[in-house]
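Structure, as structure tokens:
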């Protein structure tokens, strides 16, 4: 082969490689004839998880009440002006980071929880309540990293596990589908949950996962996801970030429905008989976003955990400064 011919082939290969980068092959949809959920979705909402006590048994806002609620939410979400005093003694980020949501759900529900009718997460069982009490004591007076919250350890965050709940920021998900799996990447803490569409039974009960074992099936245009095999580890009771409490017996049924091209209706049912006195349900919508999700580098930026442990060891009279 001549030198000129070799250069020609090299240029052709470079052109093909560049074309592949610019025009990647589209991912195969989850199943022929079913909705394709691929894309980036945001779950931020002004609708509270639980119904505020002052609303009593009111399940839906009137349009006028909804407009007033959204105005109040907008005011609460504003940063303090110079000279203003915070209404509470604690503050963290400013509103550049927060993502509370500015609109109620289109249904005008007064809570994400739909059952029980009072819009509240049911009480814990007596045994679970004792576990939560002990857990909170360790969280408030940690002696080691294992006493800290799962999110502080960068192990898992509740927005990634079923049921997925909106949070005060980073309430974004990226969904990618194939013929055999649906993968949901949560912005917080960049965990990816794999929903298996080619299995009808769960893994062995001896296998426990932080995000559980998820299997999916289609009921018409709704993807029904069954998740079990959760790992209760050293937490889930009392952890910050919306951990409502659960254990290894947690069983969640989720329903994903494409209400329109830019809206997913997300419904869930929680059953954990050793944690709650009854099952509970909820629903909210996710809006399609044109934005990209960037890595939430939890471990790399987790200085608080190291500083806390340094402080504990120092208080114990141990010098743990690294040797140089």
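Structure above, values below:
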read-out	value
Residue match in the range 271-286 (condition: touching a helix residue (DSSP H, G or I) at 6+ places or on another chain (Cβ under 6 Å) and not in a strand (DSSP E or B))	yes
Criterion violated by residue 41 - all others in (1) part of a loop (DSSP other than H, G, I, E, B); (2) surrounded by 10 or more Cβ atoms within 10 Å (Cβ to Cβ); (3) at pLDDT 50 or above satisfied	(1)
Filter result (in contact with a strand residue (DSSP E or B) (Cβ under 7 Å, 6 or more places away or on another chain) and at pLDDT below 95) within the range 273-286	275, 276
From the options 317, 301, residue that is modelled with pLDDT under 90, in a loop (DSSP other than H, G, I, E, B) and either within 23 Å of residue 187 (Cα to Cα) or within 15 Å of the chain's Cα centre (by Cα) (or both)	301
Residue 175 vs. criteria under 17 Å from residue 43 (Cβ atoms), out of contact with any helix residue (DSSP H, G or I) (no Cβ under 9 Å at 6 or more places or on another chain) and assigned to a strand (DSSP E or B)	yes
Among residues of the range 246-270, those that are assigned to a loop (DSSP other than H, G, I, E, B) and over 18 Å from residue 216 (Cβ atoms), counted	6
Residue among 116, 166 that is within 23 Å of residue 296 (Cα to Cα), in contact with a strand residue (DSSP E or B) (Cβ under 9 Å, 6 or more places away or on another chain) and either buried (at least 21 other Cβ atoms within 10 Å of the Cβ) or in contact (Cβ under 8 Å) with a residue 40 or more places away in the chain (or both)	166
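The values are calculated or read from the model by the stated rules, or taken from the named source; none is laboratory data. These numbers were taken from a predicted model, which means no experiment stands behind them. Note that each Cβ is placed from the backbone with ideal geometry, even for glycine, and that neighbours are counted across all protein chains shown.
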